[in-house]
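Here is the structure we will look at, set down as structure tokens.
Please treat every number below as a calculation from the coordinates, not as lab data. None of these values were measured; they are calculated from a predicted model. Cβ: placed from backbone, ideal geometry, glycine included. Neighbour counts: every protein chain shown.
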Amino acid sequence: MNYESIKSVIRTCYHIIAVYSGEFKETGYSFTEIYTLAIIGYYPGIIASQIMEYIHLDRGYLSRVIKKLLQDDLIYIDDTTLNHRIKPLYLSDHGKEVFDSMEKKADESIERHIADASPDDKAEFFRLMKLLDENFKLVYPDTLRNDNGDSRIKR
């Protein structure tokens, strides 16, 4: 089988990640730290082991990332759960502000990158991105989704 088209898409994804990393360089956070913050923002109450499974980080590295986000008051741990081994993670008020700012900046970046496209080309681009997303979820079904396909966490 010829996998060149798939490898090309993967290379494009790496390029997009590099562009995004540059967009957020002035925050002082690494891509992994920003991505972890975003995951906690998208999935309030997620626990560290779920993040590890989702983005394939080893326990030590994720622990350092979470420690930094805690120290910078971007997230907090809900330690009131009955099971003391499960510690849900949430954005702090400051973390919500940073997360909202990053989301706005991401939207502006996307808009800037497609600004010169015609309305038809933009519509086609968004259609293809949705199709690509749906197909990735078929190939990588271990994404954080509930039984209805919503981007909410399964517990």
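Listed values for the range 56-65 are Karplus-derived 3J(HN,Hα) couplings in whole Hz (6.51 cos²θ - 1.76 cosθ + 1.60, θ = phi - 60°), namely 6, 9, 6, 4, x, 5, 4, 4, 5, 5, and x replaces Gly and Pro.
Compared with the dominant Cα axis of the chain, that is its longest principal axis, helix 93-114 is turned about 10°. Summarised in one figure, the compactness ratio Rg/Rh of the chain, Cα atoms and Kirkwood Rh, is 0.99. A straight Cα-to-Cα reach below 28 Å connects Lys104 with the lysines Lys25, Lys67, Lys68, Lys96, Lys122, Lys130, Lys137, Lys154, residues fewer than 8 places away in its own chain not being considered. Put simply, when 18-29, 88-99 are sorted by average Cβ atoms within 10 angstrom per residue, most first, you get 88-99, 18-29.
The phi torsions of the range 25-39, fed into the Karplus equation with coefficients 6.51, -1.76 and 1.60 and a -60° offset, translate into couplings of 4, 5, 6, x, 10, 6, 4, 5, 5, 5, 5, 5, 4, 4, 4 Hz, rounded to whole numbers, with Gly and Pro shown as x. Label separation (Glu124 vs Glu4): 2.2 nm, computed from points 7 Å beyond Cα along the C-beta direction. With neighbour counts taken as other beta-carbon atoms within 10 Å, the residues Met52, Met102 rank, fewest first, as Met52, Met102.
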